[in-house]
Amino acid sequence: MTFTIRILEPADAEAFRNLRLEALTVAPEAFGASYEEDVSIPLETMRARLSASPNAVFGAFADRALVGMAGFAVHDRMKARHKGVLWGVYVKAEWRGHQVGKRLVRSMIDHASRHVIMLEATVGLANDGARRTYHGLGFKPYGIQPKALRVGDTFYDEELLYLDLPQPGDA
Ligand SMILES: CC(C)(COP(=O)(O)OP(=O)(O)OC[C@H]1O[C@@H](n2cnc3c(N)ncnc32)[C@H](O)[C@@H]1OP(=O)(O)O)[C@@H](O)C(=O)NCCC(=O)NCCS
């Protein structure tokens, strides 16, 4: 199964929106955002998001179709701009288990290391696939937030993760 990875551009907004809404529909417990919130975001806002560098969304493409994604965002506030967040990691069901998720997050980490010194991520405590992906790339757990998300009547605990990024000049 062959795929390529690149940063999404404003012209990818529609494909991004479709995949994002699919993710929020099929795995609501894996994301802080919800379908009801995101479905009303105008395409123009999505386009603007995709042009806000150094923030970036990495996309995995197979035959020009977007089959996976992973987002990078830098904290806004002055005292937190040295930190970035991994968000919105999703791979279409038929593409899972082929290293798409791992390569997306690795691309995001490479990009992030040029802009921030640390990454943060959160992952569902019961989400074995995502936890293995993140741990395998060096993310370290530093805590658990009980009942971090509520989907309907079900609460989900989340593991809190960080990754120190190598800086130029590090041994
Ligand atoms: C989590 C997710 C992105 C993983 O994507 P993927 O392309 O299937 O992952 P990869 O094939 O790159 O696998 C990476 C590692 O995780 C392991 N893994 C993947 N899915 C797994 C699962 N369900 N159970 C156990 N291990 C799993 C792989 O074996 C691989 O391990 P390795 O590095 O030791 O070889 C994908 O399952 C997904 O989109 N899930 C729904 C949304 C989601 O949970 N997003 C994360 C939000 S925090």
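Where a number appears in this text, it was derived from the coordinates with a stated rule and is not lab data. In this text the structure is predicted, and so the values were computed from the model without any measurement. Neighbour counts are summed over all protein chains in view; Cβ atoms, including those assigned to glycine, are modelled from backbone coordinates with ideal geometry.
Quick notes on this structure:
- Based on the Stokes-Einstein relation at 37 °C and a viscosity of 0.692 mPa s, and on the Kirkwood radius from alpha carbon pairs, segment 22-69 is assigned a translational diffusion coefficient of 265 µm²/s.
- Approximate shape of the chain as ellipsoid semi-axes (Cα gyration tensor, √5λ), whole Å, largest first: 22, 21, 17
- Rounded, prolate or oblate (a/c below 1.5 giving rounded, otherwise prolate when a/b exceeds b/c) for segment 83-171 by Cα gyration tensor: oblate
- With R₀ set to 25 Å, the beta-carbon distance separating Glu22 from Lys79 gives a calculated FRET efficiency near 0.10.
- Separation of the Glu36 and Asp170 label points, Cα + 7 Å toward Cβ, nm: 4.1 nm
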